[in-house]
1. So if I check each of 507, 496, which one is modelled with pLDDT under 95, of a type in the set (Val, Ile, Thr) and closer than 23 Å to residue 95 by Cα?
2. So in the stretch 533-545, with the set limited to residues that are out of contact with any Leu (no Cβ under 8 Å at 6 or more places or on another chain) and in contact (Cβ under 8 Å) with a residue 40 or more places away in the chain, which one is farthest from residue 583 (Cα to Cα)?
3. Of the residues 3, 92, which single one is of a type in the set (Lys, Arg) and modelled with pLDDT under 95?
4. Here are 523, 542, 488: which of them is among the hydroxyl-bearing types (Ser, Thr, Tyr) and touching a Ser or Thr at 6+ places or on another chain (Cβ under 6 Å)?
5. Name the one entry in 240, 264 that is surrounded by 16 or more Cβ atoms within 10 Å (Cβ to Cβ) and closer than 30 Å to residue 134 by Cβ.
6. Report, ordered by the first and then the second residue, all pairs with beta carbons closer than 8 Å, sequence separation of six or more or different chains, a first member in the stretch 127-143 that is closer than 20 Å to residue 528 by Cβ, and a second member that is of a type in the set (Val, Ile, Thr) and outside any helix (DSSP H, G or I).
7. What are the pairs, 6+ residues apart or on separate chains, where a residue within the stretch 202-213 that is in contact (Cβ under 8 Å) with a residue 40 or more places away in the chain has its Cβ under 7 Å from a residue that is of a type in the set (Gly, Ala, Ser) and part of a helix (DSSP H, G or I)?
Amino acid sequence: MAKNKSSTGKLQASGSSPSPTTITPEMIMRPTPNVSLSDSIAEEFKLPLKAANYMFFCFLLSNLLAAFLMPISDCDETFNYWEPTHLILYGKGLQTWEYSPVFALRSYLYVWIHVLMGKIAMLLGFTSSVEVFYGIRIGLAVVCALSQTVFTKGIYERFGSRITLLSILVMMGSPGMFISSTAYLPSAFSMYMLMFAFGNWYSVAITELDKKMKWFFCVFFVGSSVIIGWPFSVVCGLPIAIDTIHKCGFWRTLKYAIVVSVVIISSTMAIDYYYYKKIFFTPLNLVMYNKGQGSEKFGVEPWHFYTKNLILNFNLAFVLALLTPFLVLIHYLVTNSWEHALVDKLRGAYMNRAQRWTIHYRWIIFVSPFYVWFLFFSSLPHKEERFMFVVYPLICLASAIGIELILRIIDMIIYKKGANEITIAVIREYEEEPLQRIDDHKMGSLGVKRSTISIIIAVIIVGITMILGMSRSIGNVKNFHAPLKVYSELHSELTTLEKNAPFTNKTIPVNVCVGKEWYRYPSSFFLPTSKKFDIRIRFLKSGFSGLLPKYFADENPTSSIPTGMNDENREEMDRYIPENKCHYIVDFDIPDQKEESFNSKPDKWTPIFQVPFLDANNSPALFRSFYIPFYNMNKYGNYTLFTRKIGQEKTKE
């Protein structure tokens, strides 16, 4: 692509005032560009492979840190996904009511994707169950990094390098992305699939084959998100579906949808039939259950729950994402003002209002699923942090667009007096580049260096966003990592016990008990498999009065109907055992707890390992939300592993 860099372009690029430039016939005769967003732009504007590799490894590094450091933040992740995975891999696991054949709300196809990751980890030499746990998390980190790379590649090809860089920085610094990147949850899986879908939607397609593949993959990844992941993510796929029909044609889109649906639905139903021994379409069961007021039985939150949560997980980025539609409108009005500053002969070489409006409203369309999703879920009574995972990447993109528009508006106001000379410089430098491309990638009428003011503002906004984000991520790890450390120590303790114990004719039961800390149990992967012991997690009665999980049956574990299950969160007393049947107890000791402290029973229980854990109720909001180095006002209790004191009564079976 020829680039005849004029002295005007060089002068403006240095930030100096533009000098007078002659308007040549070639400039004013330039045809009005096509801004229909048909994707027929030059091959050289695609993201270079080397840059994509760099992005992938940056994302992978961040995700691997999350895989090894981030605690499990949702008990649904443990009991609804890690436990069935452990059942398939090791033959033992806890069952929730959703997996009862009476309700069948969960699909084993989604579980099997992670079982395969676990089996691959075993083939690669991961021996213990804890190692396999982290092996699966590494697999999730890789998949997430791939989806982030495809997503940012699409951003580059649609929006340009500046918005791409801003999106990467926001994603890398976001606690929300750090939490969700390796979460074993359907909403996280839908986030991966939708990043693949959005990346293809935004991407450049040159040949007819490229276009067919692009739209097919859009349909495939949206279908995977909805059927394998989370059915409600269909809301985010609607803009893609509408655009696919518009660009690809109704009948071709329908053909793609039928092929994808038949393959995924048949796979889902076949695998679920193998386990449930009944014909179910589990995504439909889940939708029908949530259609009523079923989910409200598990808690309700105020309307501002997600606003508060997203401010914590995205800080300034979330605020900018909310402001982006308004910034798009302001930017459109400023470009109109810029056009008025041009001489008549240059206006023909600049995009008209209709063309500019097309680009501006498309910006909003590209990130619109975030706004629809946020408003819809904020209106529902039952709210959980993980429900927002699906749109986390779109928050990053929307905020990046918002930052870029702020900087463009500032620069267009600063340089308005030199509008004619700057426009000529842009046309000369990018004479073979479609003006749509100039607008999306080169600040529109300002295809040159940023002003000093806008650079300073960009550094401040991005700097604050990343510093606050990393501070929260570090705080989450520092304050809440204790359960993983304690249960890892428990795994080592029980492994040593296994090695030193003599063989007997039958396995000896070993009960690891939890009371009020049941929801922080990180899964049976942290209890070693043993030929000498039957090691199980057990529950002690505490202040919690809802429904706890129970072990899958020994025979026909996934198809037999378990007793004591209900969909009303009604407590079942058969879940509990008395304290004197426990061999180990894991508990968190804080001053204002209702339950009796096991530290007050030194004649029965001996602490063998403990790690500081945040006492959130007695810590200031600022300090418990963010890590502030060298100054800490948080209060901590001890997350402790107790063992029954030698000489005390053991379990009698």
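1. After ruling out the rest, the residue left standing is 507.
2. Top of the filtered list is 543.
3. Answer to the check: 3.
4. 523
5. Of 240, 264, the one residue that is surrounded by 16 or more Cβ atoms within 10 Å (Cβ to Cβ) and closer than 30 Å to residue 134 by Cβ is 264.
6. 129/529; 137/182
7. Pairs found: 202/154; 203/154.
One line per residue, one yes/no per condition, for (1) surrounded by 14 or more Cβ atoms within 10 Å (Cβ to Cβ); (2) free of Cβ contacts under 8 Å to residues at least 40 places away in the same chain:
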site	(1), (2)
584	yes, no
588	yes, no
600	no, yes
604	yes, no
607	yes, yes
614	yes, no
625	yes, no
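The values are calculated or read from the model by the stated rules, or taken from the named source; none is laboratory data. Computed from a prediction, not measured in an experiment: that's the story for all the values here. A quick note on method: Cβ atoms are made from the backbone with ideal geometry, for glycine too, and the neighbour counts reach across all protein chains shown.
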